[in-house]
Every structure is written in C-alpha cells, then in structure tokens.
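Before any comments, here is the structure.
The values are calculated or read from the model by the stated rules, or taken from the named source; none is laboratory data. Everything quoted here is computed from the prediction, not taken from an experiment. Note that each Cβ is placed from the backbone with ideal geometry, even for glycine, and that neighbours are counted across all protein chains shown. Heads up: the accessible areas ignore ligands, DNA and RNA and are worked out on the full protein's heavy atoms, side chains in. Shrake-Rupley method; radii C 1.70, N 1.55, O 1.52, S 1.80 Å.
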Amino acid sequence: MEFSDYTAHALIEMLDRRDISAVELTKSVFDRIAEVEPDVHAYVTLTEELALAEAAAVDKRRAAGEALGPLAGLPVAVKDNMATKGVLTTCSSRILNNFIPVYNGTAVQKLYDAGIVMTGKTNLDEFAMGSSTETSYFGPTHNPWNIDTVPGGSSGGSAAAVAAGEAVMAVGSDTGGSIRQPASLCGVVGLKPTYGLVSRYGLFAFASSLDQIGPITKDVTDTALLLNVIAGHDERDSTSVPTDIPDYTKALTGDIKGLRVGVVKELMGEGIDVDIKAAVEASVRLLGGLGAEISEVSLPHSEYALSAYYLIAPAEASSNLARYDGVRFGHRTQDEVADMVEMYMKTRAEGFGDEVKRRIMLGTYALSAGYYDAYYGQAQKVRTLIARDFAAAFNQVDIIVSPTSPSVAFKMGAKVADPLQMYLSDVCTIPVNLAGLPGISVPCGLSGGLPIGLQMIGRAFDESTLLRTAHAFELAFGWHEKPNL
Amino acid sequence: MAYEIVIGLEIHVELNTRSKMFCGCPVTFGEVPNTAVCPVCLGHPGVLPVVNAQAVEAAALIGLSLNCAIAPNNEFARKNYFYPDMPKDYQISQFDLPIAIGGYLDVGDRGQTRRIGITRVHMEEDTGKLIHKGATGRIHGADRSVVDFNRAGVPLMEIVSEPDMRTATEARAFLVKLRSILLALGVSNCNMEEGSLRCDANVSLREFGDTELGVKTEVKNMNSFKALQRALEYEVERQTSLLTHGERVIQETRHWDDAGGATTSMRSKEEAHDYRYFPDPDLVAIVMDPAEVERLRAGLPELPDARAERLGREFGLSDDDAKILALNKPLGDFLEETVAGGAAAGKAANWLLHELAAELNRTDTEIEDAAFTPRHLIDLLQLIDAGTISGKMAKEIFKTSFATGRLPAAIVKETGNVQITDTDALGKIVDEVLAANPQAIEDLKNGQERAIGFLVGQIMRLTQGKASPDAVNKLIRAKLR
Ligand SMILES: [Zn+2]
C-alpha cells in the first residue's frame, strides 16, 4: 500500500510518530501523480516545488518541536476556482488562462494556516458549470474507476484526485451538487456544508446564493477533520454565519440509535437507475439495523427544483461573470477591434465556452425587464417552497436520505450534446442547495464496477448529526473498494 | 404662450467616510491613480463586498434630516451594465428597497417658501474615473483611455426629489439648502467642482392646469450652483421655443456646456437600458433597529432652519441675514466664532456679509482658505470700537489684512496710521483751518450746516484722513461757540 492510499487521519498519526516525513509523503503523492495523471488529468496546475518546500518547512518545525497545525504536512488539492496567491487560478476557462490572484481566499488561507501542503489546482467544468468536468478549457478529467467515463462535476478534478491517490484530501465547491455528485461517481466522500458555514471569500462566484466550499475525502473522519479547519464566520463574507464551530470529529461516535431517518419518496422513483435504487434501499436497511427509525418523507415541490435552479443559478452567474471583460485581467482578444464594445464581445466570445455562454444567456434573459417576475421571481418562490418542504420533513425526521446521483459514471461525451440530460445528473442534489442545507455523499456500493453514492441531508448548521450518521453508516458498510488504475 | 416649468433634481453625494462602501480602502481625492485600491474595489474574481456601517449611518442621517422615513429593512441590488470604469461590470446600488423614502425640504426662494418632496435617498458605490487620451478628451475620438479606480467603491448617496420645483432659481435654492444640510451633518465635502456633489436635473414643461407631466429631458454636467441655474434657464427656453413653434420635446439626456452656455444632446439614439436589477446575493438585508434610528434622530446636529432662527434670536440679526449665514455653514461658523471672541454680533455680521463676502468673491476664495480669520475680524472691530481707526480706515486695513493675513493691530502699528483723537494736536490744525476760511465760519453762523462738512473735509485732508471726524466736529463747534 502506497502512502497516498492512506486516509488523512491515519497519515496524521504516522507523521506524529515520525514513521514518515511530510517530504516523503509529498514525494509519494507526486510519484503517484506522475504515474496516473496522464490517464486521469485531475489537475490544471501542479505546484510540486512549492509543495516540497512547504513539506520541508513542516518537517523542520516538527523537528524543532514547534506547534503544528491540525493538517500539517498533508498533501491537499484545491479546486481551481479558489484564489491562491501567486498560483495560477483559471476556473478551467480560457478567459482566466493567465490569471494569478494577488490574495488567498479565506478557506485556502485557513488550509495553509492548518499546515497543508498544496499539491496543485484541480480541474473543473468551466466556471463550475457542469456535471462531468468535460467543459474545461484544459480538457476533461477521467474517472479513475474507468477512464472512459466521466468523474462527475464540476469538482471532478478534486474527486478524481482523491480517488486516484493524487491527493490525500481535496476541497471542492458545490452549487447544485458539484461536490457530492463527483464524490459519488468517484467512490469518495463529499460534503456540501450548510450555506454560510464556510466563507466564500476567494471562491470565484458561479451562483452566489448557492455556492459553498466543502471537503472531498477518502472517509467521513477526514471530512470532519477538513471541515474543522475551513468552517467558521468570516467578516469578509456577509453571508457567512457567526456560529460556534464544534470539533466535528467528536461527533463521530458510531451511535445512531433512535435517530429518525427519512427516505425521500420523490427521489426514489422514475429516472433513478435500478441498481442505485437497490443500493440506497439496502443502505437504508443497514441504517435501520444500526438502530435508526426509518420512514418515508415527501418533498412535494422537488420536481420543480431543477427548473428553479436553472433560472436562479444562471441569473446570478450572468452578473457574476460580467467582470471577465478583458479590461483589467484575464484573456483579451488580440484581434483588431473598432471600439470598446467590440473588444468586450470578441474577448468574451473567445474566452468563454459554450456551456458558460448558454448559462449567461439564460440568466440574462431571466433577469430582463418584463421577464423577471415570470422567471427569476417565480423561481425564488419555488425556492421558498422547497425550503418549506425540507422544514416540514425535518419535523418528522433527523436525517433525510436519497441517492446522490440518478446514475453511476457515464461514458465521456455521452451527454455533451444534450444539456438537459446533463442537468438531470443533479436532480437529487439541487434541492439541497436551494434550501441551503448540508448534504453529504458516501459510497454505498458498485454497479458495473462503478461507485454508487448515498446522499444524506441534515438540518442547517447541524453538520455534527449529519457526519455522525454518515460515519456510522461508513463503519457498518465497510467500503474498501479502490479504483484499479 | 406661457408654460409651467417642472423640475426635479437627482443629487449624488460622495460621503467622506474613512473607508469605501464595501472595502477597507481609504476615501481619497487627488491621490496617485490606482493607489487607493484593493482586490475588492478592483472587482477581482472571488472577492465579496462588506457594507460600511459608517456609510449606512450617514445615509440614515441624510434621510432623517430630509424628513424621510427610514426603511426598517433595506437592501442592495445589482445594476448590471458594461463599462470600463466599473470593475465588476455591475454597480451595487439600492433599487426597490432604499434606506429612506418620502421626505421633504422647505425651500425659500425670492420671498416665498415652498415644500419640495424628497422621493428617496439610497446608497450605492461610485465608479472609477476614465481619462481619455487624445484630441477631444471625450471617449469618442480618443486614442486610448485609461482608468483610475481610486474613486471606485466610494460611498455615494443618491437623493431624488419630486418634480416639485417651478423655477430655475428655486432649483438652485433647493440645491443650496440641501448642500447646507449635508455640510451641517458633516457627511460630505460637497465640493461640486471636485465632483463630491453632483446634480442632474429633469426638466419638462406643461400647460398650466395640466396634471400630467410633459416630455422631460435629463440635463447633466452642471458643476456649480450658477451652472445649474443657467442650464435650467437655457433648457426651459429651449423647450419653450420648441413647443411654441409646434415642435416636440424629445426625451433624451442633454449635456450642459458651461463655456458655450448651451445644452447639447448626449445620446442621439434613445437606448432603453435594461439594468437587470436583482437583489445582490453577496449581501444580506440591512436591518435598521428603530431604537438606533431614534438615537440618530436625537443626535442630529443643528440644521440650517434651526440655525437661522437661533442666529436671528440670539444675535438680533434680520431674517435675511440670518438665513444667508445659516445656509452658508462656514460663514455662520465664522460669525459665531467672532462673536464668541467678544465682538458685537450685528457689526460682525455686517462686516461678514459685505466687506468679507465681497473680497472672497472678488478673489474667488473659499472662506475656509482665507487668511483673514475670526481672530482678524475681532481685532479689527476692537480697533474701531476703541476709536484707534475710523470706519473708513478700517476698510483699507481690512483689505491689507485679507491679502496678507497680518492682524489689523499689527498693520496699524507698523504704518502708524491711527486716528488723531488728541484734542491738543487737532486743536492747532482746527485753528489753522478756521483762520483760513472766514467765509465758511460766516456761513455756519448763518445756519448753513453744510459748511461744517467743508471744514471737516479740509481738516481730514490736512491729516491725511487720520483725524477722528467725531473729535473734529466737536472741536469746531466748541471753538465757534
Ligand atoms: Zn478597496
């Protein structure tokens, strides 16, 4: 077993005992990257030199007996839509193919402060708009379980890196499922925290009211460790909530006796692959066996979630992405232009890919005078109704479960030409973002050699109960599968 | 045919807060371009705005002083449009939920006081400044354009009036009063030339008795009170001429050219902008605690109306003088400081409103920048009261003092230019003059009082104006008795 196959919590103990040095660990991860990256293409940018220097610094501090952060010396990958000072940050877009931030985002800074060794910046669907990591300007990422299939998206690079051992842990961002769905497709754990738990400062905005940064890890304990570091109020983010952050690892008791678990009726029917449905049903029985009380819950408005999401998210994106105009940074057209407007048009025509353009146009339309009430206004009402559905369900149960993705990893290229089919990949995850709740995906089986994810949803800011449930399930289920790369 | 003039104003005020509206950069003016900037106000990817509490408080104070209701919940929206002076290509601005609505301002103009409605006060962020390199200095025809983002993100308050003004002078009086209130609040420097106070006007005409508004034009680029009045007068005349010739006013934005004394069309084709406003998802609603609003209301400083009333009452000034001094805060402050230093209010006000005002005007000096301070005026008035100098001499000494900043007493001391009040010294001169003018003495004895003026004038001439006219008068009468 390679060092890069260990979980973070196991490696922390090994580093503490000095069974291994941070430099050795980092080298082993980069050896693994050298071996599999040509097949997987999880990264846009690798920062090996920087990583080795950071690792050496950690080893030095450890040798000197200095205090170390909770994640000291652990190689962690960062999705390439988070500002990293001095390190290229592209959003996998041509329009930012030369952009080097002058500051660190809050989550990134917290990771650095915790002592991580950043391995590099991971690939994503351009501007996090997609469910397959195929829309990246730098080419697609491949699923380590079968490189002919997609890793999911948009945090496909982060999920694939963790699954392939190209990083011990990773951070991703989730707007409509972009952490959970790739985690599901790559057989790893992915958590979207409650909206407002983790600062968005430094996250290149896609849809501001939905975006959250979260961990992608090998197991639930690692997720808790990483969440401990990145959670917390940030005065730079007005939407981050001042709330006490517990030690999430303390919640992992393995005991869920008496916990009330509800299965979402509407997400277990049409459109869900039979193997996935069976795996989720088996998982629910397993939870019952652990002492949880199982029932069925209804989210009657969830059928409108996808439509509402594809108005709200593009509307916000159409405004968030306006700043990529060629004036101050990023790509600018090299063509001769007659005036400013033509410069804008050519720059953006060249800089953005088709899916990004599609969403900017959708969003611009949805916000237009005369259409605002019918589209954006109506979508906000649906959002309120969905939040109420969840509130009602949480009167009956403590944790809600569903599949994470309606299908396992699909063939590369299979849905590129059919955006609506692609959008359906997030049908189970989107309602959670609209309601601002925490959701986690944990592996719960295989279908045709490809992983299946179980989604668990908790109450707002109750990540402790959510992680406790996921952890108890993980222990009982005993997931030890690995991709055969 | 006579038309009713309908004018509404839109005023933008840059606040003088310590930091910008949504980031920690300082609010500056005239700094080296692009030095008061950070990733937030440069709109770098990933940054987020944080509302400046000091700006919210200032906005609430403005709303309260304009008799507005303060919205318990107000929020920021995004106004989307592309322009290179706006880093994010959207402006964070209040839209349908502004901080203050429904107020008024009582404006006196030419002996009449009318109540002008205030529609709303809202907060937004200023843009950067474009500088166009090339022949015209405007964007069309420029070789290239550069941008300075020091101003980007500076807190900007928009104050919108109802279309309640009926003359150009009334609009001017409104702006003068509004500025005096903002200065009393201390929330802005209100410098029209530097652009910290900017005013746009909507102008339309209609027949008297009509309740519907006529087609309006929006006039921009008026950088002084005088420019506002001239631009409005021009625009009213232009529209009147159009209508009386059976032509139509086109709804458009017009640019005031101060040197040319005319407005010109800014946008030839009428583009209906769709700003696609929506609530800014990066910010949460601003909740105004009613107790906090009451605390702000209670803490409002003395506003011009109250000050005029007090100056009239305490200092015995005329209504007109009191109003002028209250509307011009630095002038009012000057007076109060002078009186606090022991000067008589009436005399001090007289000097302020006439000699000092004229000299400030003549030399195009702001009172804050003048070398002549309350201390100088106190000194000057003391010299007059003590009889050391005459009123006429005082005017000369004032001019020297204003120009050099030297205290009047020092000027008098150096030139030795004092009034001769010494009876012995004056007596000799009076005797000489009387001896040389027997005819005048005769006239005076015959009851021709005019003759005394002639005699005094002769004595003043001989003393180069230094004799105290009062003392001379007494001496002549005593000697002839
Ligand atoms: Zn700034």
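Descriptive notes on the structure:
- Across the protein assembly as shown, Cα-Cα distances exceeding 51 Å account for 39% of all pairs.
- With all protein chains in place and ligands, DNA and RNA left out, the 1.4 Å accessible area ranks A:Leu52, B:Leu232 as A:Leu52, B:Leu232, largest first.
- Using only side-chain charges placed at the Cβ, +1 for Lys and Arg and -1 for Asp and Glu, the dipole size of region A:94-230 relative to its Cα centre rounds to 240 debye.
- At R0 = 60 Å, FRET efficiency that the Cβ-Cβ distance of A:Asp339 and A:Ser447 yields, to 0.05: 0.60
- Computed from the C-alpha gyration tensor, the three semi-axes of the ellipsoid equivalent to region B:3-294 are 31, 25, 18 Å, from longest to shortest.
- As a length-normalised measure over Cα pairs under 8 Å and 6 or more apart, the relative contact order of region A:214-333 settles at 20 percent.
- Tilt relative to chain B, helix B:469-480 - C-alpha long axis, 0 to 90 degrees, to 10: 20
- Accessible-area ranking of A:Thr465, B:Thr363, largest first, probe 1.4 Å: B:Thr363, A:Thr465
- In the assembled protein chains, A:Arg236 presents an accessible area of approximately 120 Å² (probe radius 1.4 Å).
- Averaged over peptide A:316-329, the number of partner chain Cβ atoms lying within 10 Å of each residue's Cβ comes to 6.
- Chain A pair-distance distribution - Cα-Cα, 10 Å bins, rounded %: 4, 22, 33, 26, 11, 3, 0, 0
- With DNA, RNA and ligands ignored, accessible area of A:Leu475 (1.4 Å probe; Å², nearest 10): 110
- Equivalent ellipsoid semi-axes - Cα gyration tensor, region B:304-415, angstrom: 24, 16, 11
- Just the protein heavy atoms count here, and of the accessible area of chain A at 1.4 Å, carbon and sulfur take up 52 percent.
- Filter on A:Lys218/A:Lys265; A:Lys218/A:Lys277; A:Lys121/A:Lys415 - keep pairs with C-alpha separation over 27 Å: A:Lys218/A:Lys265
- Loop sites here are GluC sites (Glu not before Pro) outside DSSP states H, G, I, E and B with no more than 16 other Cβ atoms within 10 Å. The longest part of chain A free of them is A:67-234.
- Computed 3J(HN,Hα) for region B:41-51, one whole-Hz value per residue from the Karplus formula 6.51 cos²θ - 1.76 cosθ + 1.60 where θ = phi - 60°, is 7, 8, x, 5, x, x, 7, 9, x, 10, 5, glycine and proline marked x.
- Per residue accessible area in Å² of region A:3-260, where ligands, DNA and RNA are left out and the probe is 1.4 Å: 28
- Report note on the peptides B:153-165, B:242-254, B:418-430: ranked by the mean count of other C-beta atoms within 10 Å, highest first, their order is B:153-165, B:418-430, B:242-254.
- Computed from Cα positions, the angle between helix B:329-340 and the longest principal axis of chain B comes to roughly 40 degrees.
- Note on A:Thr45: accessible area is roughly 30 Å² with a 1.4 Å probe, heavy atoms of protein only.
- Vicinal HN-Hα couplings computed from phi for region A:318-329 (Karplus, 6.51 cos²θ - 1.76 cosθ + 1.60; Hz; Gly/Pro x): 4, 7, 4, 8, 5, 5, 7, 10, x, 7, 10, 7
- Taking the centroid of alpha carbons for each part, region A:300-371 and region B:191-231 are 36 Å apart.
- Unit charges on C-beta of K, R, D, E only; dipole of chain A, Debye: 660
- The mean sequence separation of alpha-carbon pairs under 8 Å and at least six residues apart, normalised by the residue count of region B:3-294, gives a relative contact order of 24 percent.
- Shape category assigned to region A:3-260 from the gyration tensor of Cα positions, a/c cut at 1.5: rounded
- The phi torsions of region A:464-480, fed into the Karplus equation with coefficients 6.51, -1.76 and 1.60 and a -60° offset, translate into couplings of 4, 5, 4, 5, 4, 5, 4, 5, 4, 5, 4, 4, 6, 6, x, 7, 10 Hz, rounded to whole numbers, with Gly and Pro shown as x.
- Kirkwood Rh in Å, taken over all unlike Cα pairs in region B:140-207: 14.9
- Calculated from the alpha-carbon coordinates, region B:63-213 shows an Rg and a Dmax of 18.0, 52 Å respectively.
- Compactness of region A:1-143, expressed as Rg and Dmax over alpha-carbon positions, Å: 15.6, 46
- Projecting the Cα atoms of B:Leu480, B:Ala436, B:Ile420 onto the charge dipole of region B:402-481 (Cβ charges, centred on the Cα centre) puts B:Ile420 farthest toward the positive pole.
- Length-normalised contact order for chain A - Cα pairs under 8 Å, 6+ apart - percent: 18
- The distance between label points at B:Glu366 and B:Glu396 comes to 3.4 nm (points 7 Å beyond Cα on the Cα→Cβ vector).
- The protein assembly as shown - charge dipole about Cα centre, Lys and Arg +1 at Cβ, Asp and Glu -1, debye rounded to 20: 2020
- Between the listed residues A:Gly196, B:Met165, A:Asn395, the Cα displaced farthest toward the positive end of the dipole of the protein assembly as shown, a dipole computed from Cβ unit charges relative to the Cα centre, is found at B:Met165.
- Interface A:B - total buried accessible surface [probe 1.4 Å, Å², rounded to 100]: 2700
- Residue-averaged 222 nm ellipticity for the protein assembly as shown, from DSSP H runs of 4+ at -39500 (n - 2.57), nearest 500: -12000 deg cm²/dmol
- Cross-link reach list, aspartates and glutamates versus A:Lys250, counting only Cα pairs under 19 Å and skipping chain neighbours closer than eight places: A:Glu13, A:Asp219, A:Asp222, A:Asp398, A:Asp462, A:Glu463, A:Glu474
- Positive-end extreme of charge dipole, region A:3-260 - chosen from A:Ser238, A:Ser209, A:Thr223 (charges on Cβ): A:Ser238
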